[in-house]
4 protein chains.
Amino acid sequence: MNKITILIHCNDRPNIIASVTNFIAHQNGNIVYIDQHVDREQNIFFMRLESEFGSKSFSTEAFKEAFKDVLADKFDMKWRIYSSEKKPKMALFISKYDHCLYDLLGRYNSGELNLEIPFIISNHNDLKSIADNFKIPFFHVPVTKDTKNEAENEQLRLLEEHGIDFIVLARYMQIVSPKLIDKYDNKIINIHHSFLPAFVGAKPYHSAYKRGVKIIGATSHYVTEELDAGPIIEQDVTRVTHAHSIPDLIAKGRDLEKIVLANAVKLHAERKVMVYNNKTVIFS
Amino acid sequence: MNKITILIHCNDRPNIIASVTNFIAHQNGNIVYIDQHVDREQNIFFMRLESEFGSKSFSTEAFKEAFKDVLADKFDMKWRIYSSEKKPKMALFISKYDHCLYDLLGRYNSGELNLEIPFIISNHNDLKSIADNFKIPFFHVPVTKDTKNEAENEQLRLLEEHGIDFIVLARYMQIVSPKLIDKYDNKIINIHHSFLPAFVGAKPYHSAYKRGVKIIGATSHYVTEELDAGPIIEQDVTRVTHAHSIPDLIAKGRDLEKIVLANAVKLHAERKVMVYNNKTVIFS
Amino acid sequence: MNKITILIHCNDRPNIIASVTNFIAHQNGNIVYIDQHVDREQNIFFMRLESEFGSKSFSTEAFKEAFKDVLADKFDMKWRIYSSEKKPKMALFISKYDHCLYDLLGRYNSGELNLEIPFIISNHNDLKSIADNFKIPFFHVPVTKDTKNEAENEQLRLLEEHGIDFIVLARYMQIVSPKLIDKYDNKIINIHHSFLPAFVGAKPYHSAYKRGVKIIGATSHYVTEELDAGPIIEQDVTRVTHAHSIPDLIAKGRDLEKIVLANAVKLHAERKVMVYNNKTVIFS
Amino acid sequence: MNKITILIHCNDRPNIIASVTNFIAHQNGNIVYIDQHVDREQNIFFMRLESEFGSKSFSTEAFKEAFKDVLADKFDMKWRIYSSEKKPKMALFISKYDHCLYDLLGRYNSGELNLEIPFIISNHNDLKSIADNFKIPFFHVPVTKDTKNEAENEQLRLLEEHGIDFIVLARYMQIVSPKLIDKYDNKIINIHHSFLPAFVGAKPYHSAYKRGVKIIGATSHYVTEELDAGPIIEQDVTRVTHAHSIPDLIAKGRDLEKIVLANAVKLHAERKVMVYNNKTVIFS
């Protein structure tokens, strides 16, 4: 049994849904999941669809070609089609904080994440032993002002060599350059330790403490060139009081960061996220 | 422009989605919303669909007949089709607590609820002035052990006379009889002041206090013959501490009750709830 | 039985707690509640204390004098002492939105709020009938560019005439002037429809929609001269998705605004809020 | 600088607070934290207090004796006094689930937990490598019907030998016997995967799925002889929908279990929990 996931967006107009479902029926597919959304302000149609094909002769590539010829061109669709056979490959970028790393590797180990982790890159060597414990290859790529360009080329080389599909910055404490962002457009997931758009930039827990907020948060988003301004995938918050010091906020925030980043990774890996106008549609 | 909402459930089998969307296309309808769910354990398929029909000659009744002939019989569907022109009629049953009443009437007044409230029934006269302020007809139907049967007949008479579609028990402090439940199967919405299935029955806040829970809740569900055991539509919770007395729990609970009941009413009125096996599918 | 509430803050130094509790014991008082907080960064001590005095000859004024002489001067305290006999008087300022008004008056009616509402002021006449229903005096004080100064004088006259202790802006759609803010320093409570500091200013739900956040919020704070930048009393949030339109956000936000404002009003009326450095200490 | 934490409970009567604070002042202590609670129904007074003593000659033992003579006997107090120098020793009991184990050890490693973990006991060998990675001694104590008594004696021996203060059952899949419960009264912390008192006993996620709840939870409580009925320390919940399968509930629940158990462990280790009438007072 072959299973594929289809993601579509295009200008909204009548009969898109019927045309797509009809096409799949003609290809002898059975739709097992369908969800759709229309942005009424922008008149954009979004759809996510999972379909099973029982025929032995089914080919994802042939299906894609037919889809393009019959449907995509007609409705001027942007589309992606994924075979469920192929798990996405995720590269982890880390620095010195270990909480998101432990959390993601623990989930990976337990089978909760439907993806592969070919390697971990870090600009420091501190967390190598964790990678070793989980038996994930670890590459130390130091980044200094002078070696930034060189380091980036090394990162790109590793990403390409391993056929990486998306990158997760698990509290990676470096600014990612435009070259990497261009190449992995809406494929680099960051975790920011505030409920964006509040407290953009460095030391958000310090800013939250100073402002005296009663709620702190964490936000996972795709990286764009503007700092902490990319499309938001997931957010969560927790209550705090005047009695919480900055270290308390940091400790409480770690729990948020772990869960928010893990949820974003799962949504992305299961191809449930679509991006447009710097926002996301999440089909969950 | 005519707009209809279709709710379907039946045993799952291939091609249901394509068949339904195809049928609507042939009727010159444009699907503006589609959502579906499959209960894999029970092999049951659920779908909710909204479709628009531009033709002047469109008739909901004719559409229903065609739907039945072409689709429903073939797939052995249970189905409901609603025209968006007809707002559902809700009867409010109340006793002496006013918080859910104020909340629902405030929302009704502000246009937030897409329904009509032909009347309010109460077994007490205490809240009549609120009904008067909001200009909703108020019927005082006292219930005593001796008059219970008579009272119920009066309730039924009023419900039928006004063509009521569903009933909301807004902290109505009487057990509703099987006769009413039978007639309004999955159409009587209750608010229970605990997170069910914990603390079934009377005085749940007292029980919550005694057990020392750190979270209290409220649950809105359809009324069935077994007390507080019907299909759950909506739940919400809030944190409490050892410092909260029973009156504190009651006060905090009122806020939960209001919001949970209002959400359940909205979901039901917008035909987003399907019931099976004493559970709900919520297409929100 | 007389009951008083004492709020203290001063630089932290040893023996403040023992000195205060000792003083109360010598005054034949029994402490029924004590809570304290130290801001370690700023070295500031905060305390809230409730004490009962059984003696018939007890006088709050005499107690205050003794407190000042024996304790306050020695520790250079800022302090407030309230008799529980005297309920605080709250003025409601409203415009055209009725949800917070209905909510607060419903709570007031049910005895949930330990305060008095001598009157409601509005710059429009639209909601007069609600005030009438709840039998609260209603003053229509229109505000235009030309009459702003005059309107403010009228507001001040009413506030003084009725001995108002604090003001609640229940979605009052006017900027309050420095004259009022000065006179009611940390005594004007506003509800802002975002989780501050995100989305300061007008139309926060529109901004939240545009930014694509997955959580929206509401914030109640004391009014200071800088817009939406005063000390935060209470915040709450709720989840949203791509499927929520701006009107959906507004409707969901109304529920947040009601509860957040009501909680802030209760905390203030029960003298549980202390303000320093543009932040609050909440003894709840 | 010596620091101690005092926990007191006794029948409520006037002047307890003043007497205690006075006593500490006479011992040249400076109170840095005080919190109290009165259960008005049962007339029980609770207090938690942290105090610093600068004198070189200060002795916790001498302080305890004086406290007993001067205060505890007079007010018939139940009391505990802890020196902050001595970190509590926690034994971890585990079986085959690793998520709570990883979570607690990750926090332990990062310095978030103010305690020591002398060893881990498991009835299976599966998770030994995790203990090894974190360099915590691991004892495999298999439990079968025939060896239950013997296993328990071995557990007790290890607990005593290492001077264990409290035990955490991190998804330990065995019923703990009355002998252990007696010896570690209110010192054995369990994590149950439902919001108690709903879904007591085995397979709560299956029961939650069957009942169709819209919220699932986790509860951490002290173990008593009645299953899942001990004093609740901490609870948390998360939303679910009809679309979540039982494995989905289990995966979402894992995140709850980790955080709820970690919070309960922290509260206990910081001596912030008091137990009475099968409930807890949490001074946080």
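The values are calculated or read from the model by the stated rules, or taken from the named source; none is laboratory data. Computed from a predicted model, the values in this text were never measured in an experiment. Here the Cβ is made from the backbone with ideal geometry for all residues, glycine too, and neighbour counts use every protein chain on show.
State all residues of region B:188-203 that are away from every other protein chain (no Cβ under 11 Å) and farther than 17 Å from residue B:263 by Cβ; if no residue qualifies, say none. Give the derivation first.
Going residue by residue through region B:188-203, those that are away from every other protein chain (no Cβ under 11 Å) are B:188-193, B:201-203.
B:201, B:202, B:203 - these are the residues of region B:188-203 that are away from every other protein chain (no Cβ under 11 Å) and farther than 17 Å from residue B:263 by Cβ.
For region C:264-281, the set of residues classified as surrounded by 21 or more Cβ atoms within 10 Å (Cβ to Cβ) and within 8 Å of another protein chain (Cβ to nearest Cβ) consists of C:280, C:281, listed by residue number. Applying the set (1) more than 14 Å from chain C (Cβ to nearest Cβ); (2) more than 22 Å from the chain's Cα centre (by Cα); (3) buried (at least 16 other Cβ atoms within 10 Å of the Cβ); (4) not small (Gly, Ala, Ser) to residue D:65 leaves exactly one unmet item: (3).
Annotation: residue D:170 fulfils all but one of (1) buried (at least 16 other Cβ atoms within 10 Å of the Cβ); (2) more than 17 Å from the chain's Cα centre (by Cα); (3) farther than 25 Å from residue B:208 by Cα; the unmet one is (2).
Of the listed requirements (1) assigned to a loop (DSSP other than H, G, I, E, B); (2) in contact with a Ser or Thr (Cβ under 8 Å, 6 or more places away or on another chain), residue D:48 misses just one: (1). One residue stands out among those in region B:231-263 that are more than 10 Å from chain D (Cβ to nearest Cβ) and small (Gly, Ala, Ser): the one that is nearest to the chain's Cα centre (by Cα), which is B:262. Put simply, of C:176, C:213, C:265 the only residue that is over 24 Å from residue C:102 (Cα atoms) and out of contact with any Gly (no Cβ under 8 Å at 6 or more places or on another chain) is C:213.
All told, residue D:74 meets the bar of being among the basic types (Lys, Arg) and farther than 28 Å from residue D:117 by Cα.
Could you check region A:115-142 and list, in sequence order, the residues that are more than 14 Å from chain D (Cβ to nearest Cβ) and among the β-branched types (Val, Ile, Thr)? Before you say what the answer is, go through the steps one by one.
Initial filter on region A:115-142 (more than 14 Å from chain D (Cβ to nearest Cβ)): A:115-125, A:137-142.
Passing the criteria: A:117, A:120, A:121, A:141.
Applying the criterion of being in contact with a helix residue (DSSP H, G or I) (Cβ under 6 Å, 6 or more places away or on another chain) and either among the aromatic types (Phe, Trp, Tyr) or over 22 Å from residue C:87 (Cα atoms) (or both) to the residues of region C:228-239, the residue that is surrounded by the most Cβ atoms within 10 Å (Cβ to Cβ) is C:236.
When residue A:91 is tested against (1) assigned to a strand (DSSP E or B); (2) farther than 30 Å from residue A:129 by Cα, exactly one condition is not met: (2).
Of the residues A:83, A:55, only one is within 14 Å of another protein chain (Cβ to nearest Cβ) and under 30 Å from residue A:15 (Cα atoms); which?
Just one listed residue meets the conditions, A:55.
When we screen A:116, A:65 for residues that are in the same structural domain as residue A:179 (by TED's automatic domain parsing), modelled with pLDDT of 95 or more and acidic (Asp, Glu), the only hit is A:116. The set of residues from region B:95-114 being in a loop (DSSP other than H, G, I, E, B), within 29 Å of residue B:148 (Cβ to Cβ) and facing another protein chain (nearest Cβ under 10 Å) comprises B:97, B:98. Among the residues of this structure, residue D:182 does not count as one that is out of contact with any strand residue (DSSP E or B) (no Cβ under 8 Å at 6 or more places or on another chain), outside any helix (DSSP H, G or I) and farther than 23 Å from residue D:259 by Cα. Within region A:195-224, being in contact with a helix residue (DSSP H, G or I) (Cβ under 6 Å, 6 or more places away or on another chain) and at positive phi holds for one residue alone: A:199.
What number of residues in region C:9-47 are more than 13 Å from chain D (Cβ to nearest Cβ) and among the β-branched types (Val, Ile, Thr)? Counting residues in region C:9-47 that are more than 13 Å from chain D (Cβ to nearest Cβ) and among the β-branched types (Val, Ile, Thr) gives 1. Scanning region B:135-178 for residues that are under 24 Å from residue B:266 (Cβ atoms), part of a loop (DSSP other than H, G, I, E, B) and at pLDDT 95 or above gives B:135, B:136, B:137, B:162, B:163, B:164, B:165, B:170, B:171, B:172. Here's a check for you: in region A:9-43, which residue that is in contact (Cβ under 8 Å) with a residue 60 or more places away in the chain and closer than 21 Å to residue B:284 by Cβ is surrounded by the most Cβ atoms within 10 Å (Cβ to Cβ)? By that ranking, first place goes to A:37.
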